[in-house]
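These notes are about the structure you will find just below.
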Amino acid sequence: MSVFLARRLVALFLTLLGASLAVFLILEVLPGDPATVMLGIGAQEDSLAALRAQLGLDRPAWQRYLVWIWGWFQGDLGNSYAYDEPVIKIILERLRVSLPLALMAITLSTAIGLPLGVLAAARRNSLTDVSVMGFVQVGVAIPNFWFAILMILFFSVFLKVMPAGGFAGWDAGVWPAIKSLILPAVALALPQAAILARVTRSSVLEVMREDYVRTARAKGLTFAAALWRHAVRNALIPVVTIMGLQFSFLLAGTIIIENVFYLPGLGRLIFQAIAQRDVIVVKDVVVLLAGAVVLVNFIVDMSYALLDPRLRGGGHGQ
Amino acid sequence: MASDGASDGASDGAKEGGLGEVAAKALGNRSFVIGGVLTGVLIVVALVSLVWTPYSVIDMDIAGKLRVPSAAHWFGTDQFGRDVFSMMMVGAQNSIAVSLVAVGVGAGFGVPLGALAAARGGWLDETVMRFNDFAFAFPAVLSAVMITALAGPGAVNSIIAIGIFNIPVFARLTRGGALAIWKREFVMAARVAGKNAVRITVEHILPNVASILIVQATIQFALAILAEAGLSYLGLGTQPPQPSWGKMLNEAQTLMFLAPQLAIFPGVAIVLTVLGLNLLGDGLRDVLDPRLRRLR
């Protein structure tokens, strides 16, 4: 186990290093002079010089990279160019929207996707199964931002029961804040729920064919008991893996959905930062999001190694 | 994401019957037929839009703006009086072009990388897989954000962004499939006969993983359509005046109170396209790879 852990930790470290290097190279080294990118070609020479000093462009690139990475460990990412505030403060503020949104979406998609998948598998080829699979096909085909627009049309424009966008803020109370996150969370959760239902269904079906499930039935366990005690629990391993892989789609979705609903989260921040050519913020948020994807997949890897000792061997065949 | 089951079953399913038998099986497969028809219609519409659309998609007619659907304008007109049906025809062409090239980029880099990793093993394999992990950390939207911050928005940039995200998908799948084939007896025989790794890969490995790759390409094509729509919705992809479904939805959202119908048609087009490609992929899998069907 410790060898496995060490291998995975090294891989995690290398991946994070690679991702941060790529972001740094693309956004800071490739453009030549980031200051010109941020201010535009017609910028005054003295404001260019001031920005170059702020960015530390007089130092060689590798030094700037190390300073930047070190800043991550110290929680000091410098100041945003457009907002003139510490980047870390802006990011933490925006996380207060994005994190609850992502959590709501994951909870919702799990609450919908898992039971649907188990239900469809338990009643294979029934009307229930066919309906669930129909939901899955449509769910993965609907672009989440279009689904969001349809929900705004229905709940905000016609019924007028939900806000069409914007964020009430946590200071306005928990319910108004949560209320402004409901439609976005549903929009994010739908495709995830569909994929989860599909994976859960085929995973449960596969496990139900295993000998130990047949043995359990032969011992006199009812179908329902065999399903819950043996099949569902064992079927969860691939499901957890898929949830980890889906996390990157969820993040991508957040960027789009926050823009549909004008939510002041990380996704909207990164988008505004591009419009304002604030390379400092773009760089930090991209690395944060990419790092989150890598970390979540690492945790998923580790957790299913804990669940299933067979997977702790080499990295092959995965 | 390729399970071992998928790679094991990839070998010779299609070869058992002749081509005619495969075709017969395909026509009897409901997913394949429905998906094929939907995809076929999309391709025809896109091709027709290259030479003809009912109205120009560039010329504006402010007097005739925001018309509801009628015999003259099947899907109505937008805020500049442009014919929505014509714009959607050109949008189809745009979606197909961007997604096709993006998936091509993904497969073009991913398949050789995966085949190389499987053939050589060792540190090379490890390096390719690490590169995969790291490329996987950048969903298309995130790459697009970086590229846009650097070079401004545009269709080419969204192709690159979606393509980059596709590379690890194809690399992983090819590697998984190829590893299983390398252990087979006929590959052993080829090695004994003195063929080198490149020749074995081209002559034996790739033909045997082709069916899973084709199925995956169909699914990635569907994902690319969704990604392209998302990027152009955000304004990071295809730029006006070239119509794109995502951009049309973005504009429709601002007009939601005035002309809600504008928010319907492009969305339906995206759903039907993606649904068609996914069904086609499912059908192809059943047809090319009978051993996987028992799971479904």
Self-check item: helices (runs of 4 or more DSSP H) enclosed by region A:1-108 - at least 2 residues per element that are out of contact with any helix residue (DSSP H, G or I) (no Cβ under 7 Å at 6 or more places or on another chain)
Solution: A:2-24, A:45-55, A:61-74
Quiz item: Taking only pairs six or more apart or across chains, which ones have beta-carbon atoms under 6 Å, a first residue in region B:42-59 that is small (Gly, Ala, Ser), and a second residue that is open to solvent by less than 100 Å² (accessible area, probe 1.4 Å)?
Solution: B:ALA46/B:ALA92; B:ALA46/B:GLN93; B:ALA46/B:ILE96; B:SER49/B:MET89; B:SER49/B:VAL90; B:SER49/B:GLN93
Practice problem: Evaluate the following for B:ALA118: is it crowded, with 23+ Cβ neighbours inside 10 Å, more than 21 Å from the chain's Cα centre (by Cα) and modelled with pLDDT of 90 or more? | Solution: yes
Quiz item: What are the pairs, 6+ residues apart or on separate chains, where a residue within region B:112-137 that is more than 11 Å from every other protein chain (Cβ to nearest Cβ) and small (Gly, Ala, Ser) has its Cβ under 7 Å from a residue that is open to solvent by 50 Å² or more (accessible area, probe 1.4 Å) and assigned to a helix (DSSP H, G or I)?
Solution: B:GLY114/B:ARG172; B:ALA115/B:LEU206
Practice problem: Taking A:ARG229 as the residue in question, decide whether it is open to solvent by 10 Å² or more (accessible area, probe 1.4 Å) and within 11 Å of another protein chain (Cβ to nearest Cβ). | Solution: no
Quiz item: Can you name every residue in region B:72-87 that is assigned to a helix (DSSP H, G or I) and either open to solvent by 20 Å² or more (accessible area, probe 1.4 Å) or farther than 18 Å from B:ILE270 by Cβ (or both)?
Solution: B:PHE85
Self-check item: Close pairs (7 angstrom Cβ cut-off, 6 or more residues apart or separate chains): touching a residue at least 60 places away in the same chain (Cβ under 8 Å) and over 16 Å from A:ALA19 (Cα atoms) in region A:54-78, part of a helix (DSSP H, G or I) and open to solvent by less than 30 Å² (accessible area, probe 1.4 Å) anywhere
Solution: A:LEU55/A:PRO34; A:LEU55/A:ALA35; A:LEU77/A:GLY71; A:LEU77/A:VAL87; A:LEU77/A:ASP284; A:GLY78/A:GLY71; A:GLY78/A:VAL87; A:GLY78/A:ILE280
Self-check item: region A:11-20: number of residues that are of a type outside the set (S, T, N, Q) and closer than 11 Å to A:PHE298 by Cβ
Solution: 4
Self-check item: Out of A:GLU85, A:GLU28, sole residue that is acidic (Asp, Glu) and at pLDDT 85 or above
Solution: A:GLU85
Quiz item: Do we have any residue at all in region A:215-226 that's in the same structural domain as A:ALA177 (by TED's automatic domain parsing), touching a residue at least 60 places away in the same chain (Cβ under 8 Å) and either outside any helix (DSSP H, G or I) or surrounded by 19 or more Cβ atoms within 10 Å (Cβ to Cβ) (or both)?
Solution: no
Quiz item: Considering only residues of region A:54-71 that are charged (D, E, K, R) and out of contact with any Gly (no Cβ under 8 Å at 6 or more places or on another chain), which is least open to solvent (accessible area, probe 1.4 Å)?
Solution: A:ARG59
Practice problem: Being among the hydrophobic types (A, V, I, L, M, F, W, C), more than 9 Å from every other protein chain (Cβ to nearest Cβ) and crowded, with 18+ Cβ neighbours inside 10 Å is the filter here, so list the residues in region B:246-270 that pass it. | Solution: B:MET248, B:ALA259, B:LEU262, B:PHE265, B:ALA269
Quiz prompt | Exclusive hit being open to solvent by less than 30 Å² (accessible area, probe 1.4 Å) and farther than 30 Å from A:ALA189 by Cβ, set A:SER109, A:SER80, A:SER47, A:SER98 | solution = A:SER80
Exercise. Considering only region A:126-158, state which residues are open to solvent by 40 Å² or more (accessible area, probe 1.4 Å), within 14 Å of chain B (Cβ to nearest Cβ) and at pLDDT 90 or above.
Key: A:VAL130, A:MET133, A:PHE135, A:VAL138, A:PHE147, A:LEU150, A:PHE154, A:PHE155
Quiz prompt | Filter result (open to solvent by 20 Å² or more (accessible area, probe 1.4 Å), under 30 Å from A:SER203 (Cα atoms) and either among the acidic types (Asp, Glu) or more than 7 Å from chain B (Cβ to nearest Cβ) (or both)) within region A:247-280 | solution = A:PHE247
Quiz item: Which of (1) touching a Lys or Arg at 6+ places or on another chain (Cβ under 9 Å); (2) open to solvent by less than 30 Å² (accessible area, probe 1.4 Å); (3) polar (S, T, N, Q) does B:GLN239 not meet, given it meets every other one?
Solution: (2)
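In region A:144-158, what residues are under 26 Å from A:ALA194 (Cα atoms) and not small (Gly, Ala, Ser)? Steps first, answer last, please.
Within region A:144-158, the first condition is being under 26 Å from A:ALA194 (Cα atoms), and the residues that meet it are A:144-156.
A:ASN144, A:PHE145, A:TRP146, A:PHE147, A:ILE149, A:LEU150, A:MET151, A:ILE152, A:LEU153, A:PHE154, A:PHE155, listed by residue number.
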Quiz item: Which condition number does A:GLY165 fail, the rest of (1) in contact with a helix residue (DSSP H, G or I) (Cβ under 9 Å, 6 or more places away or on another chain); (2) in contact (Cβ under 8 Å) with a residue 12 or more places away in the chain; (3) at negative phi being met?
Solution: (3)
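The values are calculated or read from the model by the stated rules, or taken from the named source; none is laboratory data. None of the values given here were measured: they were computed from a predicted structure. Cβ coordinates were reconstructed from backbone atoms using ideal geometry, including for glycine residues, and neighbour counts include every protein chain displayed. Just the protein is used for accessible areas: all its heavy atoms, side chains included, with ligands, DNA and RNA removed. Shrake-Rupley method; radii C 1.70, N 1.55, O 1.52, S 1.80 Å.
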